[in-house]
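All remarks here apply to the structure that follows.
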Amino acid sequence: MKTAIYKSILKKQEQGRKQFAVLIDPDKPSQPGLLEKAEEAGVDLFLVGGSIITNGSLDACIASIKKRTSVPVALFPGNGLQLSSKADGLLFLSVISGRNPEMLIGKHVVAAPFVKKSGLEVIPTGYVLIESGKQTAVSYMSNTVPIPHDKDDIAMCTAMAGEMLGLRLIYLEAGSGAINPVSASMIRKVSENISVPLIVGGGIRSAAQAEETCMAGADIVVVGNALEKDPGLMKKIGAVITRFKKKQKQA
Ligand code: 1GP
């Protein structure tokens with residue numbers, strides 16, 4: 001069974017280093033040079049997927065990343081059609097903030113034989129949706145109600161239960177293009193109460209927000225939309241995360 005991506009995440013977490021993951025939506029052609037810029041900026045991981053894919057090709061998207069960079073690629077599937085053995089790994093997402101059995105276990109049962117044969121590194125991930133100012137595609141498509149934005153305790157207990165159930169990552173998600181990212185107080189509360197790595201994403205649009213997310217306790221910061229809109233942002237966020245790594249080492 002492959003373990004390289006998760007081992008690398010754990011190692012960096014133990015070293016107090018922060019990690020930068022870039023979400024690539026197969027439906028949206030990336031700006032020219034974005035993938036190469038990501039590698040230059042020190043991006044640790046590409047996530048590929050979306051709530052729904054209409055005309056993009058998952059395989060072509062992964063092939064393009066693999067051709068241009070050596071950064072590992074993990075699937076971030078919105079549904080069971082977004083699986084490909086061409087990726088390196090799979091965030092096997094269980095939407096633990098919701099009460100939709102299909103998103104907790106049903107889709108996983110259907111996908112299990114393919115996933116087993118695929119040889120993908122499987123990373124069981126507790127996916128925790130947080131309300132972020134408007135209904136997001138992920139909340140609609142998963143048919144789940146997100147945790148209220150200011151209910152830090154509910155997010156904490158949800159993440160704790162996910163860890164106790166054996167999930168290896170917790171992903172606090174405001175949703176792609178969220179108006180409000182997950183609050184620093186919620187990230188802090190969750191990170192102080194779990195020991196598995198914490199991923200945070202949704203609505204992060206600036207280097208300052210990425211830094212605040214790291215300071216609050218995220219191990220991995222995910223950015224998608226904003227990188228497509230602002231070509232200079234990749235370098236700025238990469239620099240913040242690298243500085244943070246150095247700060248942590250000196251501390
Ligand atoms: C969404 O967390 C990711 O699943 C990234 O969100 O596109 O808003 O950066 P953005």
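The values are calculated or read from the model by the stated rules, or taken from the named source; none is laboratory data. Fair warning: this is a prediction, and the values are worked out from it, not measured in the lab. Cβ placement follows ideal geometry from the backbone for every residue including glycine, while neighbour counts extend to all protein chains displayed. The accessibility values were calculated without ligands, DNA or RNA, using every heavy atom of the protein model including side chains. Shrake-Rupley method; radii C 1.70, N 1.55, O 1.52, S 1.80 Å.
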Conditions (1) open to solvent by 50 Å² or more (accessible area, probe 1.4 Å); (2) in contact with a Gly (Cβ under 8 Å, 6 or more places away or on another chain); (3) in contact (Cβ under 8 Å) with a residue 24 or more places away in the chain: number failed by residue 104: (3)
Scan of the stretch 53-101 for residues that are out of contact with any Gly (no Cβ under 8 Å at 6 or more places or on another chain), of a type in the set (A, V, I, L, M) and in a loop (DSSP other than H, G, I, E, B), ordered by number: 71, 81, 83, 87
Residues (open to solvent by less than 10 Å² (accessible area, probe 1.4 Å) and over 13 Å from the mean Cα position of the chain (by Cα)) located in the stretch 214-225: 214, 216
Residues being open to solvent by 70 Å² or more (accessible area, probe 1.4 Å), touching a strand residue (DSSP E or B) at 6+ places or on another chain (Cβ under 9 Å) and in contact (Cβ under 8 Å) with a residue 12 or more places away in the chain - total across the stretch 152-179: 3
Selected residue (only one of 95, 109, 71 is more than 16 Å from the ligand (Cβ to nearest atom) and open to solvent by less than 20 Å² (accessible area, probe 1.4 Å)): 71
Number of positions in the stretch 179-223 that are in contact with a Cys (Cβ under 9 Å, 6 or more places away or on another chain) and more than 15 Å from the ligand (Cβ to nearest atom): 1
Every residue from the stretch 1-26 that is touching a strand residue (DSSP E or B) at 6+ places or on another chain (Cβ under 9 Å) and part of a helix (DSSP H, G or I): 4, 5, 6, 8, 9, 12, 13
Answer from 159, 239 - the residue that is away from the ligand (no atom under 13 Å from the Cβ) and closer than 30 Å to residue 32 by Cα: 239
Residue 122 being surrounded by 14 or more Cβ atoms within 10 Å (Cβ to Cβ), in a loop (DSSP other than H, G, I, E, B), more than 16 Å from the ligand (Cβ to nearest atom) and not basic (Lys, Arg): no
Residues of the stretch 74-92 satisfying the condition of being among the aromatic types (Phe, Trp, Tyr) and open to solvent by 20 Å² or more (accessible area, probe 1.4 Å): 92
Residue selected from the stretch 20-42 under the condition open to solvent by less than 10 Å² (accessible area, probe 1.4 Å) and within 11 Å of residue 69 (Cα to Cα), by the criterion modelled with the lowest pLDDT: 34
